[in-house]
Amino acid sequence: MAEADARAREGLTRKKARPGRIFPVLRIRFSTLVTSHSQFPVSLTLVNANVSEIRIPQVQTQPEPGPGAPEAPGDGPPAAISEVRRFLLARGNSALADRGFSWLMLLCGLSIFVIVGLIAYELVVRSELTLHKFGLEFFFQVFTDPDTHLKLFWDPVNAQFSARPFVYGTLVSSFLSLLLAVPLAIGVAVFLTEMCPLMLRGPLAFLTELLAAIPSVIYGLWAVFVLVPLLRDYVNPFLIKTLGWTTLFTDENPTGLGYLASGVILAIMILPIISSLTREVMSTVPHSQREAVLALGATRWEMIRMGVLRNARIGIVGSIILGLGRALGETMAVAMVIGATPEIHRSLLANGSTMATVIANEYAEAVGDMHLSALTEIGLALFVVTIIVNALAQVMIWAVTRGTPAQAR
């Protein structure tokens, strides 16, 4: 047994690595069981052999550089300096130019606040007379004619001014335009975003946004020559006959002018604003929302209603409010079709006036300082309301889009 143990140990220690072969260096520590047969074939004898550490040397060879191998960084001629690099090296220190550019951009940004502040200051100063005389009652008070004992709102000769009929006319015409424009604008946005063929989507979107580029005086001329005769001859008689019992459509104005005509023309003017913003907000809804709703077995209408409109509802409300801001300040087109009467009527077919139209119609022909002050105070109120409405709309749109532009589909 001792002789077999010695032979096994001697055979393992004599193993050497052949020269010229590449092997990694291996460290092997193990105890092996060496079995040797005894004289008897049936029995086996277990021998524990403690084998010492074996190291196989590693021969490393360096590859020869080929014809296309890259050269070392220090070899070869230096690279040529580009024109941009040469200009940057030759211009010297630019700290002064950078500082001047930053101050210039800051002044450009602050100029917006300065302009808005100057407009507000000028309006407040020029409306000081009526602000001191009437205060906030200027927007609510009602006078009485001493001869006819009828309500009187606007009498420049006797210096009696109340903006109540103009506020009423502005609200009626604006909300009537929203009532007509919002369903159509949302329908156009849904069709363009979800259902319109690809080849028709571009031209239809372009024509919709083109409506916003048409000047308001063009809308006014079209309304005078096309819309007003159409309302006078066909629409108004039908409304009087079918809905006259509501007292909202009574035969008080045979000309076709009035709140309804102004509401229709305003609806056409704010349609592209609401439609384009609604389409932008709907485009920001992830496609995974649509796919998830469809995967649950919903129809296309259910997908649009639950997966798209529900997630975009805040932005859609913001676009509607932004359209309202446009309707509140519209002047020329409304002045040509509303009738320019400083009165309050329940019927939508009656003549009226708005805050913007009374300024445009009477400012150049004001009879005194008090009259000018009253018109300027109306402008101040319109200025403040427009800023509030537009700021609220922008905040609601930002709440959906988070300032990210819609992705092209």
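No lab work stands behind these numbers, since they all come straight from the coordinates. A quick note: this is a predicted structure, and the numbers were derived from the prediction, not measured. Here the Cβ is made from the backbone with ideal geometry for all residues, glycine too, and neighbour counts use every protein chain on show.
Sorting 156-163, 295-302 by their mean Cβ neighbour count within 10 Å, with the most densely packed peptide first, gives 156-163, 295-302.
Working ranking of peptides 250-258, 198-206 by packing, defined as the average number of other Cβ atoms within 10 Å per residue, highest first, is 250-258, 198-206.
Per-residue 3J(HN,Hα) values for the stretch 96-106, derived from phi via the Karplus relation 6.51 cos²θ - 1.76 cosθ + 1.60 with θ = phi - 60°, read 5, 5, 5, 5, x, 5, 5, 5, 5, 5, 5 Hz in sequence order (x marks Gly and Pro). In angstrom, the C-alpha Rg and Dmax of the stretch 114-401 are 21.8, 74. Compare the Cα positions of Y363, G315, V337 along the charge dipole of the stretch 114-401 (+1 at Cβ of Lys, Arg; -1 at Cβ of Asp, Glu; about the Cα centre) and return the one farthest towards the positive end. Sorting the options by dipole projection puts first G315. Taking one quarter of the surface of the C-alpha convex hull of the stretch 241-376 gives a mean projected area of 12.0 nm².
Computed over the stretch 114-401, relative contact order equals 29 percent, with contacts defined as Cα pairs under 8 Å that lie 6+ residues apart.
For I338, the residues whose modelled amide H falls within less than 5 Å of its own, excluding neighbours fewer than 5 places apart on the same chain, are G258.
Across the stretch 176-187, coupling constants 3J(HN,Hα) worked out from phi with the 6.51/-1.76/1.60 Karplus curve, θ = phi - 60°, read 5, 5, 5, 4, 8, 8, 4, x, 5, 5, 5, x Hz, and Gly and Pro carry x.
When only alpha carbons of the stretch 112-243 are considered, Rg and Dmax amount to 22.3, 68 Å. Were the residues from F101 through Y363 laid out at 0.36 nm apart, the gain over their Cα-Cα distance would be 90.1 nm.
What ranking, highest mean first, results for peptides 341-353, 234-246, 108-120 when packing means the other Cβ atoms within 10 Å averaged over each residue? Walk me through the numbers before you get to the answer.
Details: 341-353: 21.1, 234-246: 13.8, 108-120: 10.3.
Highest-to-lowest ranking by the protection proxy: 341-353, 234-246, 108-120.
The 3J(HN,Hα) values that the Karplus relation (6.51, -1.76, 1.60; θ = phi - 60°) gives for the stretch 191-198 are, in residue order, 5, 5, 7, 10, 10, 6, x, 5 Hz. Gly and Pro appear as x.
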